[in-house]
Amino acid sequence: MIKVYLILSGILFIIGVVGLFIWRKHILLALILLELLLLATNFNLIMFSVQLDDIVGQIYNIIVLTVGAGETAIGIAILIVYYRLRGAISADSIKVLKG
């Protein structure tokens, strides 16, 4: 039964990685795909935690979810401010910030 969940987690991870390579110009979509990668990792942590009857995987899951939520909140806040200043959030327009 756990094999089905691990295959699902692998599929989610592959979708996230392939999506990052395909849509790297769209920053908001890249943030969403990064969250999908974290979701796949968390899914693996939970499944192995259940299989091994250990709570450590679930604790790591909570830590990863907290870091992912903070990363997304800060990233979206930066994108909103940048959109208000420049009027666009594509990766081509953000290259101006390199200096």
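None of the figures in this text is laboratory data; all of them are computed from the coordinates on show. Model, not experiment: these values are computed from the prediction. Methodologically, a virtual Cβ is constructed for each residue, glycine included, from the backbone with ideal geometry; neighbour enumeration extends over all protein chains shown.
Some notes on this structure:
- Each Lys and Arg Cβ is given +1 and each Asp and Glu Cβ -1; about its Cα centre, the chain then shows a dipole of about 580 debye.
- The chain, relative contact order in percent, only Cα pairs under 8 angstrom and at least six apart counted: 29 percent
- Label zone at K3 (point 7 Å along Cα-to-Cβ), backbone N below 17 Å, region 49-63: 51
- Think of region 2-98 as having a plus end and a minus end, set by charges on the Cβ of Lys, Arg, Asp and Glu; of I2, A30, V56, A30 sits farthest toward the positive end of this dipole.
- Of the residues G68, A88, G19, the one whose Cα sits farthest towards the positive end of the charge dipole of region 4-91 is A88 (charges of +1 on Lys and Arg Cβ, -1 on Asp and Glu Cβ, taken about the Cα centre).
- Paramagnetic reach from Y83 (point 7 Å along Cα→Cβ, amide N under 15 Å) across region 26-62: 26-32
- Alpha carbon centroid spacing (whole Å) that separates region 1-36 from region 47-89: 14 Å
- Exposure rule at most 14 other beta-carbon atoms within 10 Å, DSSP loop trypsin sites (Lys or Arg not before Pro): the chain longest free segment: 26-99
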